[in-house]
Structures are given as C-alpha cells and as structure tokens.
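First comes the structure, then the notes that go with it.
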Amino acid sequence: MSPARPSVPAALRLLPLLPLLLPLLLPCPPTVRGDCGLPPEVPNALPALGGNTSFPERTTITYTCNEGFVKIPGKPDSVICLSDNQWSEVAEFCNQKQCPNPGELQNGHINITTDILYGSPIYFSCNTGYKLVGATSSYCSLLDNTVKWSKPLPECIEIHCPEPPKIDNGYIQEEHEVYVYRQSITYGCNKGFTLVGKSSIYCAVQDNEGEWSDPPPQCKGKSSGPKPPPTPQKPTTVNISTTRAPPTPQKLTTKPITVNAPATQRTPVPKATTSFHATSTSKGKEMSPSGAVSLIYGHTCITLTVLLVTLVTIGYLN
C-alpha cells in the first residue's frame, strides 16, 4: 500500500484564478441615487449651471432669456431634477422683443415683410414722382439692452423737372417757377406762325430724375418766295369822234355891207354845242395823255369854225 500524498489546500488551487478575481475584490464606489445630468436646452435661453455637470434629486435650474428676447408672462422658466434622474419638462418661454412702431413715411411706404420683432427687417420706398434720400432698409436690433431700429426713417423728396425749353417765334402758356411730376405745359406760336409738333408736354420721371415727355414743338412761318414781276400795262388807244354840221353855203355879192352898231355894243356870239363820244379798247382804264391832247385840239378847231361862220352871216344880213 502506497503512502498517501499530502493534500493541497483549496486556497492554493485558486491562485491561478487570482488575476481574474482581483477586479471583483477591489472596493466599488457607492451608487449615487437621483443624480441628473445637464438640463435640457431651451430655445433662446441659457440655464444657470454654476459650473456643475450633475445635479442631485430635487435640484432646480432656472433659465434666462438671451439678449433681444423677453420671457413670456405666465410660462415657467425652470426645471427640476426628478427621482428617476430625469429633468422636468419645460416649454419655450422666450419671445423676441418687439421694436417700436417705425412710424409713417410721408409720400412713401414702409414694407414690413413679417413683423417688427428683434432681427426683423423693414424696407422703404417712395411714391412715383418722389426720390428716396437715406437708407433703403432697417432692422430691429439690440442697442444698450434695448431693441431699436438700426436706421432712421429716410425722406421722400419731390422730383422737379428742369426749366422747359424755349422755342423761337413762340411762347409757353402759364409758366411756373417749378415743374413737378405729371405737370404739363402748353406752347403757342406768335401771329403768322404755325405750330409743328406736340403743343403740350408733361414732366416725367426716369431713374429718379425729372425729364420732359417729348421735345418741344416748333413755330414755322409761311415760306416767302420771290415776288412775281409786275404785269406790263398794254397801251390804250382812245378814238374820239366829233360830229359837226357843215356851214350853210352863203351867196357872195359885191354889195357893200354897212354895219351900224354902237361902239360899246358887242355882237352876241351864238353858242355852239359839240358832242363827241370817246371809246376805249381797254374797258375801265383812264384816257391816255395823247388822247386828251387830240380832244382839246379838235374842240378848238370847231370853235373857230363856228365863230367864222357867225361873223360871215352877220355881215351878209346887214
């Protein structure tokens, strides 16, 4: 019978397993019950953490609205760490601050695209016939912890047209010192001239500048050509016809004739009447000087003839 081996203690048999069992034998930290991590994020707000990253049960964290935002009255602004290591629910409670009413833009418009809350823009424009002087837009900004408009209101200044052009041989009816948008003027021409073009033009606006709608008209007179030469006068012939009675033939005698008449008595001379007709080949024109001379000459001859016949007759009767 063989001798019995000495028995190995059970503890020694566990030595090879010691490295595996060592971590289990180290002391473990005690479990913290009810701790919460970082609180949830809230739009437009920041939590007051105090530099901590975990919070025990029943810890209350309060939020503060960011600049430009304001707390909505009646809504909660804090959370609580609950026993299940969860934070209580919280809704958005910060709203944008509102800028004051921008006012009215005289002779223009203010275009509010959405609202007048913090960060919102507005745009400016002027009515037709007015020019904008200043900023074209502004936005609600934060200045000294107060929301204000970033730019002041601009101005809308009335646009004027230049002085209307003058025209030769014409004038402008009812002139004015200034001419504004859509104001019209009317041209007229001096006597003897005719207006060519548009008699009325008006003040228009192009690229924020005033200009006249059309060019001015013109005043044109009738064209004065060379004068026609005078019509030559045709010579006028005057035919004068005279009618005279032939003298009565007298018998001649050798009987002496004695004429007894007072020395102071004049022998009456009978009047002779001569009629004549003048005809002209040119109707309605005056007699030519040559015709007048012929007329006088004929009248003188007739008068002398009648006088001679009268003297002979008186001598014969006596």
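The values are calculated or read from the model by the stated rules, or taken from the named source; none is laboratory data. Computed from a predicted structure; not experimentally measured. Neighbour counts are summed over all protein chains in view; Cβ atoms, including those assigned to glycine, are modelled from backbone coordinates with ideal geometry.
General observations
- Top-ranked residue in the range 173-183 [being loosely packed, with under 14 Cβ neighbours inside 10 Å and within 29 Å of His109 (Cα to Cα); ranked as nearest to the chain's Cα centre (by Cα)]: Arg182
- Any hit, the range 113-124, residues being among the hydroxyl-bearing types (Ser, Thr, Tyr), modelled with pLDDT of 95 or more and closer than 30 Å to Cys203 by Cα: yes
- Filtered residue count, the range 169-194, keeping only those that are in contact (Cβ under 8 Å) with a residue 40 or more places away in the chain and in contact with a Pro (Cβ under 8 Å, 6 or more places away or on another chain): 1
- Residue in the range 132-139 that is assigned to a strand (DSSP E or B) and under 30 Å from Tyr202 (Cα atoms) present: yes
- Looking only at residues of the range 135-159 that are touching a strand residue (DSSP E or B) at 6+ places or on another chain (Cβ under 9 Å) and of a type in the set (Asp, Glu), we find that the one that is farthest from Ser125 (Cα to Cα) is Glu158.
- Condition met for Ile122 (of a type in the set (Val, Ile, Thr), surrounded by 13 or more Cβ atoms within 10 Å (Cβ to Cβ) and more than 21 Å from Glu67 (Cβ to Cβ)): no
- Pick from the range 147-172, criterion farther than 21 Å from Gly134 by Cα, within 21 Å of the chain's Cα centre (by Cα) and not hydrophobic (A, V, I, L, M, F, W, C), ranking: surrounded by the most Cβ atoms within 10 Å (Cβ to Cβ): Pro164
- Every test in (1) closer than 27 Å to Val42 by Cα; (2) assigned by TED's automatic domain parsing to the domain that holds Phe193 is passed by Ile167 save one, and that test is (1).
- In the range 33-57, residue surrounded by the most Cβ atoms within 10 Å (Cβ to Cβ) [restricted to those that are among the charged types (D, E, K, R) and touching a residue at least 24 places away in the same chain (Cβ under 8 Å)]: Glu57
- Criterion violated by Gln106 - all others in (1) over 20 Å from Tyr118 (Cβ atoms); (2) more than 60 Å from the chain's Cα centre (by Cα) satisfied: (2)
- Residue count, the range 187-214 (criterion: surrounded by 12 or more Cβ atoms within 10 Å (Cβ to Cβ) and among the charged types (D, E, K, R)): 3
- Subset of the range 173-200 [part of a loop (DSSP other than H, G, I, E, B) and over 26 Å from Thr128 (Cα atoms)]: Asn190, Lys191, Gly192, Gly197
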